[in-house]
Every structure is written in C-alpha cells, then in structure tokens.
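What follows is a short report on a single structure.
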Amino acid sequence: MSNVFVIARHELKRIFVSPLAWAVLAVVQLILGFVFINLLIDYARNAEYGDQFTGVADYMGGALYGFATIVLLLVMPLMTMRLFSEERKSGSLTLLLSSPASLTEVVLGKYLGLVGFMLALLALLAAMPLSLLPGTDLDLGRIGAGLLGVFLIMLAFGAAGLFVSSLTREPTIAAVGSFGLLLLVWLIQILSYQDIPFAEVFGYLSLIGHYEDLRRGLFDSSDVVYYLLFTALFLWLTVQRLDLERN
Amino acid sequence: MESEIRNETLIEARHLSRRYGPTLAVADLNLTLRKGEILGLLGPNGAGKSTTLKMLAGCLAPTAGEVRIKGVSLRENPNLAKRHLGYLPEQPPLYPELTVDEYLAFCAGLHGIPRAARAAAAAQAKQACGLTGVSGRVIGNLSKGYQQRVGLAQAIIHRPPVVILDEPTVGLDPIQIREIRGLIAELGRSHSVILSSHILPEIQATCQRVMIVNRGRVVFDDVVSQDMRFDSVAVRLRRAPQAAELAALPGVARVEELGEGRWRLGVAAGADPREAIAEAAVRGGWGLIELRAVQKTLEEMFVELTSGEEPRNETMGEAKAA
C-alpha cells in the first residue's frame with residue numbers, strides 16, 4: 001500500500017511541476033469566474049428569482065456547477081492525457097513496471113495523484129460561492145451536494161482518461177480519445193429521448209443524467225454509486241491493459 | 001565448475017522463449033548468474049538481448065519458461081522477486097522535469113526503502129555514480145552521459161544483489177564510455193551484473209563471463225580471460241630454417257609460412273612454445289626479430305559464431321583448452 005502513496009505523491013509533484021496544470025487551473029478559474037460574476041450581476045438585477053423555492057445557492061451554485069461540467073469535459077482529457085502515454089513514450093514506464101509495485105498499485109497511485117489535482121480544482125470551485133457567505137444566507141448543503149457532484153464527475157472523467165492514456169503512446173491522441181469517449185458517454189442520454197427499446201437504460205448509463213439531481217441538491221446514493229462504479233470499471237480496465245502489454 | 005555451482009545462484013532462467021506474433025525473438029534460452037559475476041550478453045542487433053533482459057527484469061512475460069531470482073519465481077511472486085533487481089533499460093527511465101534528488105528519492109521509495117533511509121541511499125548512489133555535483137539539477141538539462149549515470153544510480157539505489165544493464169554505454173562519447181565501464185567494474189565488486197552490448201571491447205573489458213546470443217539462441221557461454229585465446233604464435237626470422245625444424249619444436253602443432261621470413265606456428269592444446277622457439281632461434285642463429293602470441297579475439301569468435309548458419313560450439317571448447 002505504501003507503494004500507492006509513493007507513486008501518488010510523485011505523480012502529484014510531476015503534475016504541479018509542469019506548467020500545464022497551472023495553465024489549466026488559471027484558464028478554468030478565469031472562465032468560471034467570468035460566469036460567476038455574470039450570474040451575480042444577473043441575480044442582483046433580478047432579485048425576484050429569490051422566492052421561497054429558489055435561494056441564492058440554487059441560482060448561483062446550481063448554474064455555476066452545471067457550467068463547470070462542460071469546462072471539465074474539455075480540460076480533464078488534457079490532465080489525463082500524459083499519465084501513461086508520455087511515460088510509455090519516454091520509457092519511464094519501465095521504471096514502474098520493473099519496480100516491486102504491482103500494476104494495481106501503479107494504477108491506483110497514478111490515479112490518486114490525479115485526484116490531488118482534482119481537489120485543487122474543487123477548492124477553486126468551492127471558493128467562488130463560499131465568497132458570498134458573509135453577505136448572504138447560503139444553503140451549504142446545497143453547495144455541498146453540487147461540489148460532491150462535480151467531484152464525482154471529475155473522478156469518472158479522470159478514470160476514463162487514465163484508461164485511454166494507457167492505450168497509446170501519444171499524449172495528444174490520448175486527449176482526443178478521452179474527450180471523444182467522455183462526450184459519447186455524455187451524449188448517450190439523447191438516446192433516452194428517442195422512441196426505441198431500452199431508451200431508459202441509455203438514459204441511466206449517461207454520465208450527465210446522474211449529475212442533475214446532485215446539482216439540484218438531491219443526494220441519491222444510486223447516483224454516487226454510479227460514478228464510483230464507472231471509476232472502478234475504468235481503473236480495472238487500465239490494470240488489465242497494462243497486464244496485457246506485459247504479455 | 002564444481003566450486004562455482006556451490007556459489008549462490010542469483011538468476012536462473014530456464015527454457016526462456018518469447019514470441020512477438022510470428023517472430024521468435026528468444027528461443028529456449030538458459031541463463032545462470034552467480035554471486036559476484038559480471039556476465040556479458042553479446043549479440044548482433046536484433047539478436048534478442050533486450051528481450052531477454054526485459055524478461056529477466058519482469059517487464060515482459062516469457063511465452064514459455066521460467067525466471068527465478070534468488071530462488072523466487074518471477075511469475076508466482078513478482079513483487080518479491082523484483083526487490084532483488086535493479087534494471088537499467090536501453091533508454092534510461094527518467095523524468096526530465098524532476099531534479100536528480102527528487103528523482104532518486106522517488107526511486108528509493110518505489111523500491112521500498114523506508115522514508116528515513118531514503119536520503120542516505122540516494123547519497124550513496126550519487127556517490128557511486130559520480131552525481132554528487134548535479135544533485136539539484138533538472139534531469140532534462142543534463143548531458144546524455146550524466147542522464148545515463150542517473151539511470152544507473154536508479155538501478156543501484158536499493159543495493160540489489162542483481163543489476164541488469166541494457167546497453168549502458170550506447171550513445172556516449174569515448175570518455176563517458178570509459179567512465180561508465182569503470183563504474184560497472186566497480187559495481188561488480190558488490191553486485192552481480194548482467195550487461196548487454198553489441199560492442200565487443202566493452203564486453204571484453206568488463207565481463208568475466210560471456211554469453212553470445214544470435215537469433216534468439218545462445219551460441220556461446222563461457223568464461224573469458226585475457227590470455228586464454230591464444231592458439232598460434234607469429235614469428236619473424238631473418239634466416240629461416242626448414243619448416244620441419246620448426247614443426248619439431250615442442251608444443252608446435254602446425255607450421256605455416258607466410259613469406260618474407262614470417263611464420264605462423266599453430267600451438268598444441270595447452271602448450272606454450274614461445275620459450276622453446278626463442279631458445280632454438282638463438283642456438284640455430286635464425287635471427288629472431290619478432291615473436292608474439294596471436295590471441296583469438298572475442299571479435300573473431302563473435303563473427304565466427306554469428307555469421308555462420310550453424311553455431312559451432314566445438315571450436316569454443318578448443319579455445320578454452322588453449
């Protein structure tokens with residue numbers, strides 16, 4: 001188990017040594033800050049939104065985190081693209097494969113390092129609505145559910161990206177591939193609107209469907225389980241893929 | 001041989017084979033590495049050296065056969081077996097964005113060195129590889145030779161009993177090659193080393209035992225020493241006698257006249273006729289102006305073994321006897 005943490009710490013260090021992580025954090029913060037200010041102006045102008053059913057947390061948090069998922073869909077593939085493909089290209093993957101760490105430990109370690117980056121991103125996302133705390137009566141449960149949803153979405157995106165990165169040796173191909181995969185799983189929801197058999201199943205499988213409730217502040221354990229299963233599936237697939245490479 | 005078998009066996013590979021699709025890269029290879037040995041794996045490009053080393057290091061699963069490291073099967077208990085290994089692949093596995101210290105600290109942790117001992121282990125490895133002066137430098141900015149040393153430091157940081165080095169001097173300039181060779185010889189005192197190369201002098205300079213691989217098969221596996229490959233003597237005489245007189249000297253098996261007073265005398269197995277030749281030359285007034293042992297170089301053996309269709313094992317037996 002200590003191998004996992006050694007690899008995770010190393011991965012996190014490498015993520016933050018590269019300018020990519022800082023650029024991503026800066027751009028995400030810029031875009032979401034812009035959206036946040038817009039929402040704020042909008043809300044201040046039209047105070048009548050704030051009736052007994054919709055509070056400031058609903059309006060600000062809900063809209064902000066809804067928009068955040070789209071930004072994440074664009075930036076997570078950039079953060080995951082290098083995880084395995086670059087190591088394979090530079091030959092440093094051999095170091096991990098010839099070390100006494102098992103493949104599961106290698107995959108979990110790398111993923112955990114990525115989770116560290118996600119937490120940094122999450123902190124930025126939490127800071128914006130929380131900055132309203134001194135002036136408003138914020139529904140923290142509502143914000144918390146939204147943040148949990150964003151975090152779960154990031155976990156799922158990250159695991160899928162990690163898997164795609166283990167398939168290739170070109171980081172750019174990994175980025176394009178994971179973006180495509182995520183968008184596809186996202187868009188599966190469209191099928192649920194069609195008049196076809198198993199339409200509901202497709203709706204259930206979609207990445208975004210499970211996020212809606214959390215964004216609205218509705219905590220349903222089946223949604224959480226969906227994201228955790230999605231994450232576990234892709235981590236398992238990554239281990240399988242690396243094992244296949246050895247054979 | 002008996003005494004060597006009693007030594008501890010560190011790597012034992014039995015009937016190792018590896019296929020890449022239809023190509024058989026390594027076929028039925030047996031390899032044993034004992035404690036304190038430096039084994040050179042020699043072969044032309046594409047002979048299966050790297051594949052063999054990858055299998056020994058656990059980075060590639062063999063199609064058939066088994067590897068045991070210190071008696072632990074690499075298949076059944078890979079994580080325990082790999083603890084005894086240090087591996088430097090053909091391309092050193094470096095993270096160019098990290099400093100030497102950061103990189104070595106990670107490698108130490110990865111090999112299970114407790115946190116408190118990591119700095120000491122890294123310092124020792126840096127000392128051994130001559131890296132102390134570049135501790136704080138970013139690996140990507142180091143020269144190729146230094147990067148190779150960092151790779152080497154990574155392989156020995158946990159003081160493994162076995163170090164596997166895949167073409168450690170490739171791409172280095174002659175001075176760096178000499179330094180790395182010195183380093184390997186140094187390593188050989190405290191570790192067992194397997195080293196691959198297609199550069200003959202390198203193997204000759206550093207290894208005690210040589211394995212020549214060609215097309216995935218072992219064609220030669222024996223001990224080399226500086227004076228063993230000597231199977232003829234070159235002589236130059238101003239006033240040469242009859243060939244029969246030379247042939248009659250003790251220890252001379254064949255006589256071949258090369259012209260202009262030059263002779264090549266084949267040596268009988270186990271004999272050294274040089275002294276007898278010198279004495280006879282003085283007595284007979286032959287005017288000896290040159291006398292030297294012609295060593296069969298590893299290069300000749302290598303070409304002989306890897307160019308022919310049929311591997312010729314029997315010539316090696318003779319050479320060893322001489």
Go through segment A:214-243 and count every residue that is modelled with pLDDT under 85, within 24 Å of A:LEU191 (Cβ to Cβ) and touching a helix residue (DSSP H, G or I) at 6+ places or on another chain (Cβ under 6 Å).
3
Suppose we filter B:ILE177, B:ILE139 for residues that are touching a strand residue (DSSP E or B) at 6+ places or on another chain (Cβ under 8 Å) and crowded, with 20+ Cβ neighbours inside 10 Å; which single one remains?
B:ILE139
Can you name every residue in segment A:34-53 that is modelled with pLDDT under 70 and either surrounded by 10 or more Cβ atoms within 10 Å (Cβ to Cβ) or touching a strand residue (DSSP E or B) at 6+ places or on another chain (Cβ under 6 Å) (or both)?
A:TYR49, A:GLY50
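B:ARG149: in a helix (DSSP H, G or I) and free of Cβ contacts under 8 Å to residues at least 12 places away in the same chain, yes or no?
Values: in a helix (DSSP H, G or I): yes; free of Cβ contacts under 8 Å to residues at least 12 places away in the same chain: no.
No; evaluated as a whole, the condition is false for this residue.
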The conditions are (1) farther than 23 Å from B:LYS82 by Cβ; (2) at pLDDT 85 or above; (3) in a loop (DSSP other than H, G, I, E, B), and B:GLY133 fails exactly one of them. Which is it?
(3)
In segment A:14-29, what residues are part of a helix (DSSP H, G or I) and facing chain B (nearest Cβ under 7 Å)?
A:ARG14, A:VAL17
Counting only residues that are farther than 30 Å from B:LEU85 by Cβ, modelled with pLDDT of 80 or more and over 30 Å from the mean Cα position of the chain (by Cα), give me the strands (runs of 3 or more DSSP E) lying completely in segment B:184-283 with at least 1 of them.
B:230-237, B:252-259, B:262-267
Please go through (1) out of contact with any helix residue (DSSP H, G or I) (no Cβ under 9 Å at 6 or more places or on another chain); (2) farther than 19 Å from A:ALA23 by Cα for A:SER166 and return the number of the only condition it doesn't satisfy.
(1)
Within segment B:96-112, residues outside any helix (DSSP H, G or I) and closer than 16 Å to A:ALA8 by Cα come out as B:LEU98, B:HIS111, B:GLY112
Given (1) part of a helix (DSSP H, G or I); (2) over 17 Å from A:GLY177 (Cα atoms); (3) not acidic (Asp, Glu), where does A:MET79 come up short, assuming only one miss?
(2)
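Residue check: is B:GLU37 touching a Ser or Thr at 6+ places or on another chain (Cβ under 6 Å) and not basic (Lys, Arg)? Spell out the reasoning first.
Values: touching a Ser or Thr at 6+ places or on another chain (Cβ under 6 Å): yes; not basic (Lys, Arg): yes.
Yes.
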Which of the residues belonging to segment B:79-94 are surrounded by 22 or more Cβ atoms within 10 Å (Cβ to Cβ) and of a type outside the set (A, V, I, L, M)?
B:LYS82, B:GLY86, B:TYR87, B:PRO89, B:PRO92, B:PRO93
So, restricting to strands (runs of 3 or more DSSP E) that lie completely within segment B:1-95, which ones have at least 1 residues that are small (Gly, Ala, Ser) and within 10 Å of chain A (Cβ to nearest Cβ)?
B:85-88
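Kindly indicate whether A:LEU167 is crowded, with 19+ Cβ neighbours inside 10 Å, more than 14 Å from chain B (Cβ to nearest Cβ), of a type outside the set (Gly, Ala, Ser) and assigned to a loop (DSSP other than H, G, I, E, B). First the steps, then the outcome.
Values: crowded, with 19+ Cβ neighbours inside 10 Å: no; more than 14 Å from chain B (Cβ to nearest Cβ): yes; of a type outside the set (Gly, Ala, Ser): yes; assigned to a loop (DSSP other than H, G, I, E, B): yes.
Considered against the rule, which asks whether it is crowded, with 19+ Cβ neighbours inside 10 Å, more than 14 Å from chain B (Cβ to nearest Cβ), of a type outside the set (Gly, Ala, Ser) and assigned to a loop (DSSP other than H, G, I, E, B), A:LEU167 comes out as no.
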Failed condition for A:THR104, given (1) away from chain B (no Cβ under 11 Å); (2) surrounded by fewer than 19 Cβ atoms within 10 Å (Cβ to Cβ); (3) in contact (Cβ under 8 Å) with a residue 12 or more places away in the chain, with all others met?
(1)
So is B:GLU102 charged (D, E, K, R) and assigned by TED's automatic domain parsing to the domain that holds B:ARG34 or not?
no
If a residue must be of a type in the set (A, V, I, L, M), part of a loop (DSSP other than H, G, I, E, B) and surrounded by 15 or more Cβ atoms within 10 Å (Cβ to Cβ), how many such residues does segment A:170-215 contain?
2
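Going through segment A:67-98 one residue at a time, which ones are at the interface with another protein chain (Cβ under 9 Å from one of its Cβ atoms) and touching a residue at least 24 places away in the same chain (Cβ under 8 Å)? First the steps, then the outcome.
Within segment A:67-98, the first condition is being at the interface with another protein chain (Cβ under 9 Å from one of its Cβ atoms), and the residues that meet it are A:87, A:90-98.
Across segment A:67-98, the qualifying residues are A:LEU96, A:LEU97.
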Conditions (1) surrounded by fewer than 20 Cβ atoms within 10 Å (Cβ to Cβ); (2) more than 13 Å from chain A (Cβ to nearest Cβ); (3) under 24 Å from B:ILE184 (Cβ atoms) -> B:ALA117 fails only (3)
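The values are calculated or read from the model by the stated rules, or taken from the named source; none is laboratory data. This structure is a prediction, so every number in the text was calculated from the model and none was measured. All Cβ positions, even for glycine, are placed from backbone atoms using ideal geometry, and neighbour counts span all protein chains on display.
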